[in-house]
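What follows is a set of notes on a single structure, which appears directly below.
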Amino acid sequence: MVEQERLLTGQGVSPGAAWATARVVRRAVQAYPATVEPAQVNEELERLQAAIAWVNEQLERQKAWMSTRAGEADAAILEAHQMFLADPAYVGEMQRRIREENLSAAEACVGVTHATSEMLAALPDEYLRARADDVRDVGERLLRAVLGDEQDQDLTGMVVVAEEITPSMLTGHTGQPAGLVAVRGNRTAHAAILARSLGIPAVFGVTDAIDAIADGDTILVDGDAGEVWVSPSQTRVEATRARLEARHQRQRRAQQHAHEAAVTQDGITIEVFANIGQSDEAERARSAGADGIGLMRSEFLYIDRSRWPDEEEQYAWYRLALQQMAPRPVIIRTLDIGGDKPLPYAAMAPEDNPFLGVRGLRYGLVHRDVLTPQLRALLRAAVHGNLWVMVPMVTTVDEVRTVRAIVEEERLNLQAHGVQVGEVRLGIMVETPAAAVMADVLAREVDFFSIGTNDLTQYVMAADRGNAGVAHLYAPHHPAVLRLIRQVCQAADRQGIPVGVCGELAGDPLWAPILVGLGVRELSMVPSAIAQVKELVRSVSVSAMRELADAIVTSPDAAAAETLAKDALARLLP
Ligand code: PEP
Ligand code: MG
């Protein structure tokens with residue numbers, strides 16, 4: 001009898017679709033004693049030490065595997081696991097519990113892992129909260145190693161179904177899984193980030209997955225729709241196959257032209273840039289067809305470490321990115337911390353409204369000892385390429401004048417000491433309503449604008465970008481935001497300075513052409529979106545997009561704007 005197909009739903013966290021046999025991974029481990037005799041304490045300490053060494057060795061191998069398949073930045077996720085194993089607050093606490101409380105190594109590992117993950121999970125920052133999953137993953141591996149139960153299952157080609165997918169389930173086997181289904185987790189979980197890099201379709205937040213799926217079931221994971229089909233019908237599999245094939249063909253076509261300029265039908269060149277978070281991603285951005293770097297979020301260089309980087313370290317980072325992209329432009333944004341991006345080692349007073357507080361340039365102007373070395377490193381690195389320096393979270397003209405004065409002062413200081421400095425352009429993120437409204441005034445003070453639609457939207461709509469309760473209001477394509485973008489472009493145009501968009505909207509295939517119609521001439525996005533956006537830009541004309549954009553900004557709300565955009569583009573781009 002043919003089984004009836006069943007649908008489970010969740011959140012698609014990695015796009016694409018795949019169908020294969022399910023392997024349900026449960027986290028059962030053998031029983032172990034909670035305490036040991038005092039005479040056995042040393043033995044337990046040694047057992048823990050040996051297990052740490054073994055897990056470290058495994059992680060080392062897996063890192064090598066990841067860096068060839070996904071990239072250094074993704075392999076760095078496994079490095080975060082190794083950092084836990086070297087962290088005295090984690091491992092040292094286990095050793096203390098064994099020594100002072102006579103706990104078994106297994107009990108100490110479980111207890112300390114639990115306490116650490118609970119502590120991380122309670123933090124307000126989404127990024128740090130997701131690190132709770134990392135410590136659980138590494139703790140689980142350590143426990144298995146302590147118990148001598150280190151057999152890893154080979155999940156190659158399977159749809160892995162688990163309470164929670166961990167990075168260790170994606171690496172170190174003969175190949176990678178076909179798809180992933182998890183009860184818990186979201187887009188920011190490391191496993192989700194890795195799945196996107198490795199191209200494994202994934203759906204997380206499928207609450208009934210463990211109960212509804214059995215080992216050996218055939219599963220279709222649809223990461224685009226956030227759907228999981230158990231025993232999918234032949235018709236569904238065929239329709240999915242056809243959809244994927246059509247997409248591959250479109251991507252192949254776009255990929256073939258990724259390194260060519262994006263010139264519209266009426267002959268206007270739109271620069272398509274990449275957003276990156278690490279210096280070594282510049283190389284990958286270039287291979288993806290980036291005409292430049294439109295946003296290097298320098299704060300990501302500051303995150304996975306325990307102290308401020310000095311001028312020399314920063315100089316090396318920026319030089320690498322500039323050399324990899326030369327002669328193309330590289331826009332490096334100065335440190336943008338605060339808001340949802342705290343730094344563990346930065347002095348930050350608790351704030352009631354961190355998004356309205358001391359973040360971005362505001363932090364730099366208060367903490368000159370942080371901003372100045374960064375600007376000096378940038379001025380020196382500028383010798384090696386085409387550097388544009390951008391400051392985030394600008395609200396007033398006065399802030400811009402102050403930062404320009406610091407740049408000029410440091411240029412003179414460096415030159416006075418015989419240090420070579422390069423030419424830099426100084427620009428601002430337009431991401432506060434004040435900056436957008438005052439764009440005509442600010443345009444006389446700076447060399448370029450880059451509109452940060454992620455933040456501009458939250459401030460214009462008064463809807464926190466990370467708050468699910470107001471997600472319906474957080475619409476970067478709301479006419480209120482689009483009108484401001486058009487106004488900023490007009491102000492920039494009158495002053496003759498370039499204007500780009502580096503928020504997520506720029507890489508959205510529906511809105512990228514509309515942004516061109518609003519007057520944007522540079523779009524910056526995740527490298528994987530570049531080829532497709534270039535292809536789209538080539539198929540439209542600025543004049544048609546301008547007409548469309550003019551109509552869209554008169555829509556009463558975001559939904560109407562979206563309908564108008566979708567209908568018009570469907571007609572223009574069959
Ligand atoms: C933005 O605000 O649109 C932006 C690009 O910066 P971030 O997302 O880093 O705040
Ligand atoms: Mg921003």
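Pairs meeting the criteria (first residue in region 315-339 and in the same structural domain as ARG376 (by TED's automatic domain parsing) and at negative phi, second residue open to solvent by 10 Å² or more (accessible area, probe 1.4 Å) and within 11 Å of ligand 1 (Cβ to nearest atom), beta carbons under 8 Å, at least 6 apart or on different chains) are ARG333/ARG297; ASP336/ARG297. State yes or no: is ILE303 in the same structural domain as MET429 (by TED's automatic domain parsing), within 15 Å of ALA506 (Cβ to Cβ) and of a type in the set (A, V, I, L, M)? So ILE303 fails the test.
Here's the yes/no breakdown for (1) within 30 Å of GLY277 (Cα to Cα); (2) at pLDDT below 80:
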| residue | (1), (2) |
| --- | --- |
| VAL2 | no, yes |
| ALA20 | no, no |
| GLU46 | no, no |
| ASN56 | yes, no |
| SER104 | no, no |
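Within region 491-505, the residues that satisfy the criterion of being modelled with pLDDT under 95 and open to solvent by less than 60 Å² (accessible area, probe 1.4 Å) are GLY503, LEU505. For first residues located in region 41-57 and of a type in the set (Asp, Glu), partners that are crowded, with 16+ Cβ neighbours inside 10 Å and not in a helix (DSSP H, G or I) and lie 6+ apart or on another chain with Cβ distances below 7 Å form the pairs GLU44/VAL36; GLU44/SER104. Among the residues making up region 309-353, those that are in contact with a Pro (Cβ under 9 Å, 6 or more places away or on another chain), assigned to a helix (DSSP H, G or I) and crowded, with 19+ Cβ neighbours inside 10 Å are GLN314, TRP317.
Would you confirm, using the coordinates I've provided, whether ARG297 is of a type in the set (D, E, K, R), surrounded by fewer than 20 Cβ atoms within 10 Å (Cβ to Cβ) and outside the structural domain of HIS384 (by TED's automatic domain parsing)?
no
Criterion first (without any contact (Cβ under 8 Å) to a residue 40 or more places away in the chain and within 16 Å of ligand 1 (Cβ to nearest atom)) does ALA439 satisfy it?
Details: without any contact (Cβ under 8 Å) to a residue 40 or more places away in the chain: no; within 16 Å of ligand 1 (Cβ to nearest atom): yes.
No: the conditions fail for ALA439.
For ARG465, the stated conditions do not hold, so it cannot be described as basic (Lys, Arg) and in contact with a strand residue (DSSP E or B) (Cβ under 7 Å, 6 or more places away or on another chain). Only one entry in VAL394, VAL366 is of a type outside the set (Phe, Trp, Tyr) and within 16 Å of ligand 1 (Cβ to nearest atom), namely VAL394. Selection of helices (runs of 4 or more DSSP H) fully inside region 482-564 by the criterion of at least 2 residues being touching a helix residue (DSSP H, G or I) at 6+ places or on another chain (Cβ under 7 Å) and within 16 Å of ligand 1 (Cβ to nearest atom) returns 512-518. Looking at region 471-480, is at least one residue more than 11 Å from ligand 1 (Cβ to nearest atom) and open to solvent by less than 20 Å² (accessible area, probe 1.4 Å)? Yes, there is a match, as at least one residue in region 471-480 is more than 11 Å from ligand 1 (Cβ to nearest atom) and open to solvent by less than 20 Å² (accessible area, probe 1.4 Å). Just one residue in the set ASP280, ASP266 is away from ligand 2 (no atom under 16 Å from the Cβ) and under 17 Å from the mean Cα position of the chain (by Cα); that residue is ASP280.
The values are calculated or read from the model by the stated rules, or taken from the named source; none is laboratory data. Bear in mind that the values here come from a model prediction, so they are computed numbers and not experimental data. As a convention, Cβ positions derive from the backbone with ideal geometry for all residues, glycine included, and neighbour counts pool all protein chains shown. Surface accessibility is based on the protein's heavy atoms, side chains included, excluding ligands, DNA and RNA. Shrake-Rupley method; radii C 1.70, N 1.55, O 1.52, S 1.80 Å.
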